[in-house]
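Please treat every number below as a calculation from the coordinates, not as lab data. Predicted model only: the values in this text are computed from it and were never measured. Neighbour counts run over all protein chains shown; Cβ positions are idealised from the backbone, glycine included.
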């Protein structure tokens, strides 16, 4: 097991990639603090880990709120007795289009996708420094590496994460704190229909899904567990000389 006794905080841990990551990290021996706004789904994640013999703590938080971001990290650290790994995974699809987007929609997306990542990371740097190092992983998207017709605002937030990753990695490298980003392609999670249906009816959403699938060289969507495996690599000592990267996990989508 690659994460024995590592203390890991995962945000947006109640479903999809975050849940898959929480379960996978726990199976590898980590102690998990799972953070989410959905109490019922969060309880399901915690129960699954504990039923398998793992250690997990549920932290209820609204990460679109600055105070909640900070307090959730403090609560998580206290529950775990410290912090070795943060996977700042929280995010939302945001609005589609440009000219019809209301400013409050833009700001809400920026708050959750960028500000929450920045604030949660800021709260763990000092304890990681004191402990002699750590690993911070953000979730961006291939939409932060290539353009997305569906979501300019979403792409802007994920591009910001990519840039922040490089700067933070450069700044923290000498303190043995590694900073990396995972860039999933479209993944089969509960958020996927919301992402593809913005401004579209069910028929158009289905067409969007098939269009994307046809453009993936591997011919399918990602599974949440595949994203979790890539994050596990970045968090583990197997990636001890890896920092500042934005790793696509996209079935080859950005190859063309």
Exercise. Mind putting together the pair-distance distribution for region 7-255? All Cα pairs, 10 Å bins, whole percent per bin, short to long.
Key: 8, 33, 38, 18, 3, 0
Quiz item: For the peptides 144-155, 9-20, 208-219, 75-86, what is the packing order when you average, over each peptide's residues, the other Cβ atoms within 10 Å and list the highest mean first?
Solution: 9-20, 75-86, 144-155, 208-219
Exercise. Compute the distance in nm between two label points, each set 7 Å from the Cα along the Cα-to-Cβ direction, one at residue 206 and one at residue 78.
Key: 5.1 nm
Self-check item: Pair residue 66, residue 237: separation of 7 Å Cα→Cβ label points (nm)
Solution: 3.9 nm
Quiz item: Helix 116-131 versus the longest principal axis of the chain: what is the Cα-based angle in degrees, 0 to 90, to the nearest 10?
Solution: 20 degrees
Quiz item: Length gain on complete extension for the stretch residue 98 to residue 223, per 0.36 nm per residue less the alpha carbon to alpha carbon distance?
Solution: 42.0 nm
Quiz item: Summing -39500 (n - 2.57) over the DSSP H runs of n ≥ 4 in the chain and dividing by its residue number, what mean residue ellipticity at 222 nm do you reach, to the nearest 500 deg cm²/dmol?
Solution: -14500 deg cm²/dmol
